[in-house]
Structures are given as C-alpha cells and as structure tokens.
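The values are calculated or read from the model by the stated rules, or taken from the named source; none is laboratory data. Because the structure is predicted, anything quoted here is derived from the model rather than measured. We place every Cβ from the backbone using ideal geometry, glycine too, and count neighbours over all the protein chains shown. These area figures cover heavy atoms from the full protein model, side chains too; ligands, DNA and RNA do not enter into them. Shrake-Rupley method; radii C 1.70, N 1.55, O 1.52, S 1.80 Å.
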Amino acid sequence: MEKLLEIREYDKITCSERYRNSAAYKFLEPEVYQELYDYVEKVTRNQKKEKSPFMLIHWEAGVGEVIEARNFVGLVQLESGMKIQIVPKMELALEENKSRKVLLNMLKEMKDFSGWNLPEARVISGSTNLYDIFIDMYIREAKTLVKRGIRSDYVEKEGNLTSYKGKLLVARQIRENMVHQERFYVRYQEYSQNRAENRIIKTTLMKLKKATSNGKQTQEIKKLLSAFEEISVSSDIKNDFAKVRTDRNSKEYEQILKWSRVFLENESFGCFAGEEKARSLLFPMEELYENYVACRLKKHPENTWKVSVQDGGHTLFDTPKMFKIRPDIVLRKDGRCVILDTKWKLLEGSRWNNYGIKSADMYQMYAYSKRYKAQDIWLLYPQTEWMRNQEPVLYDSGENDAGFPTRIHIFGVDVTDINASLARLLEKLEVDAGNGI
C-alpha cells in the first residue's frame, strides 16, 4: 500500500504522540518526520535566497517543533518512499476531492502541461498521487514517439581517423599527428540518432527512473531506454536545449521536449527538485491561481475585452524610465482600461481589520491606477463563505484625487466554479461601463 499523507497549504506536521489523532495537526512517525525535517533543511539551505521556502520549521508553544507547509502545492517524495501531497487550502472546498479537482484544473491550464490528458478520476479519488500521474503521462508520450520511430539527423563530430573525411582541423592535426601522418584529425557529419532531442529524452527517462517507486513505471522506462541504447545521456542540458530544431520535421518532438524541460531544468515550478529518491514536485499557488484566472478569462465565452497578462508597458517613473510595474491582468476595450490583480489569500470577515488586505497591496494598486490611467482596479481573492452575502467592498479615493479617482473593488473568485465567477465579474465590468464609471 502506498505511503501517502495528504495535507493542505499551511497545515502543520508534528511527530508528537499527543497529536496522533488531532484535527489541528498532521502526524508523522518520528523517523519519517526526521527524514522530512532533513529534506526541508537541505532544500532550504541550497535554494536561492529570493525564493520562498516550501515548508518552514519552527517551534510552537504547547506542541513543540512543527513543520508547516507554505503556499506551494504538489508532492514531496522522501527516500523511504513516503509521499506528502499538498493540495490548495480553500474554504469552499473542504472535501479533499474538491481540492484535488481544483488543483487538477489549474494544472491543465499551465502552459508547460497543455495537452496532457490527466486522468481526472484517479486524481480526484486520491487513488494515486500527482508524481506518478506526471510520470505516466511522460511515459505515454515517449512510447508514442518510439512507436513512430526515433528520428536521426546529421550530427557534427570530431575525431582522429585513419581515413580522411569532412574538414581537416589543421591546428589539431599538427598537435596530434606529427608522428602519425597516416591519421587525420577532422570535423565531419554523421547520420545518427544521437541528436540533441534524443539525448534530452533519454536523460529525462533516466531521471524519472530514479524518481519513481512504482515497479510498473520502472519496467516501462527500462523498455523505453532500450530504444535509446545508442544515444548518449546529455552532458550539458542547456546546450542541448539550445540545439533543438523547431521545424516541421521535428513536430512530434515538440510536446515531449516541453515536458522534458519542466522535469530537467527545475526553474519555473521547482518540479522534481532534489536528488535521487528524495525530491519534490511543487507549484507556487500564487502563480497557479494567476494563470488559472487569466487563461479562463481569455477563453470565457462572455469575454469581449482584450486580455493582457503580466503587462510590462509602464514604469513607475518617466525620468529615468525605471522600476517596471507589471499588473497581473490588464483589460482594454473602447479606450477603457481595467486592471485585475490576483491574490491567493483567504480574506477575513472583519471590515475593522480591512478584511486582512495588506497596505502594501493597496499602495501597489494605486500606482497601477495612476500609471495606466485606470479608474477601476479589481483585486481578485479566492471566495470565502462570508463574501457570498457581503455587500460589495469598494475603496474609493474620491473626486478630489489628483487627475481622476481610483476605485479598488474586492471580488471573490469561486475556484470550484470559476466560469460562473468570471461571468459575474464580466457582468459587473459591463455595468460599470454602462454607468460611465
């Protein structure tokens, strides 16, 4: 039976026996807890300083030491085989299957995973983990490629040969063959499967073979690797990606190379970060949420606005043009500009505390308004129960504000039914436009 602990963002994990059956804390056996502790410490120590940690270790009064999940979702696999799956924390999706479904829908909208036919039933039921599903998808794509036939290409080589071909490298010839005039140091081309694309795929398969603890997947990868027997493992992944050709003759490689980049480069989402069998497949919720809203808004049948994501057309100052500002989403239509900014945070129900909205976020929105000449800014938070019956929350700088008023609207997005939420948002934007706001 698979060893899997499922938690939510910001859940806390302890090895204290007093909290073995607690609703407030998740429990791990002491030896597994120590293994997770060591892994978190190692990853945090080695990661870049500007990156947020995916888990924090701290002391909590009355409990002792705890490991707290942060705003990352996905899966951590420890060397012992224990897996910790982290799903989004949402007030309107208390059941685990709803949280898994939202996570699945968000992943489907990610550019790097477009085209993956993720098995919804398996994800939602919790019958398998994300790690194994991603590996399954890669194996399936690799099988399709092998069935079609691994492509060969002319590969440039250098060598000290007994027969002349290609181009003689004079400097190397003099250095290597002063006393071996029967040999030729040449650069030549050879028709071979050992092209950059195939090296990347083989390297990915080798990495996934180490990553999986699933016996069936191990066997499938071994079979695939036999088809790549004459192909080298990549010694310089970035250089090989730079050599990839994008033409109609390499169309069948496009999708699998995109996914290979995710697994090998560990840049955008921390995917498969770590060494050997202790590793993580993690996604920052802020980015997942922003991308999810933007993609669904672009595709929404009722959307008539031009949608620009991470718009970089303005700087905070004109002289000099410094400090670029990048709103998450900019909407434009008929000379009107509206800015949407996504915030993955559950707001509080108290207006006396400004619902938990950060002052820094408001300063940022005010700057967006003035530089984009956008009177209306919409802050999009995940919807909570109290927001459903709440009167619209609006912050208005008033008519006496310099140039024009700034209105910051607070809107709750129900990520369990995002299309209906966005329909309500679009309706509100049209009403504002009709009122000349």
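Each of ASN71, MET110, ALA420 was placed along the dipole of the chain (beta-carbon charges, centred on the mean Cα), and the one lying farthest toward the positive end is MET110.
Treating only the Cβ atoms of Lys and Arg (+1) and Asp and Glu (-1) as charged, compute the dipole magnitude of segment 1-71 about its Cα centre; round to the nearest 20 debye.
I would put it at about 300 debye.
For GLN383, nonlocal amide neighbours, meaning residues 5 or more places apart or on other chains whose placed amide H falls under 5 Å from its own, are VAL413, ASP414, VAL415. A dipole drawn for segment 1-53 from +1 and -1 charges on Cβ atoms has a positive end, and of TYR19, ASN46, GLN34 the residue lying farthest that way is ASN46. Charge tally for ILE200 (other residues, Cβ to Cβ under 10 Å; Lys, Arg +1; Asp, Glu -1): +3. Under the criterion of Cα pairs below 8 Å and six or more residues apart, the relative contact order for segment 1-65 equals 23 percent.
Bridges between two residues of segment 272-418, per DSSP, are antiparallel at a rate of about 60%.
Compute the Rg/Rh shape ratio of segment 161-264: radius of gyration over Kirkwood radius, all on alpha-carbon atoms. Could the numbers behind the result be given before it?
Numbers: Rg = 18.5 Å, Rh = 16.3 Å.
With Rg and the Kirkwood Rh in hand, the quotient comes to 1.13.
Its Cα gyration tensor gives the chain an equivalent ellipsoid, and the semi-axes of that ellipsoid, as √(5λ) in whole Å with the largest first, are 47, 31, 21.
Compute the convex hull volume of the Cα atoms of segment 293-392, divide it by the residue count, and report the result per residue in Å³ as a whole number.
On the way: hull volume 12.5 nm³, N = 100.
Convex hull volume per residue, Cα atoms: 125 Å³.
Compare SER397, SER234 by solvent-accessible area with a 1.4 Å probe and give them largest first, with all protein chains kept in place. Mind showing how you got there, number by number?
Values: SER397 55, SER234 15 Å².
Accessible-area ranking of SER397, SER234, largest first: SER397, SER234.
Distance from the Cα centroid of segment 372-395 to that of segment 306-354 is 14 Å (rounded to whole angstrom). Taking the C-alpha atoms only, the angle from helix 418-434 to the longest principal axis of the chain is near 60 degrees. Between amide H atoms placed 1.01 Å from N, distances below 5 Å from LEU282 occur with LEU75, CYS271, PHE272, ALA273, all of them 5 or more places distant or on a separate chain.
When DSSP beta bridges are restricted to pairs lying wholly in segment 348-437, around 35% turn out antiparallel. Residue-wise HN-Hα couplings along segment 189-195, as the Karplus relation 6.51 cos²θ - 1.76 cosθ + 1.60 with θ = phi - 60° gives them from phi, are 10, 10, 7, 8, 7, 7, 8 Hz; Gly and Pro carry x. Rolling a 1.4 Å probe over the protein chains gives GLU17 an accessible area of about 110 Å². Per residue, the Cα convex hull of segment 311-368 amounts to 112 Å³. Taking label points 7 Å from Cα along the Cα-to-Cβ direction, ASP334 and TRP386 give a separation of 3.7 nm.
Only beta bridges with both residues in the chain are counted; by DSSP, about 70 percent of them are antiparallel.
Rounded to the nearest 20, the Cβ-based charge dipole of the chain about its Cα centre (Lys and Arg +1, Asp and Glu -1) stands at 1660 debye.
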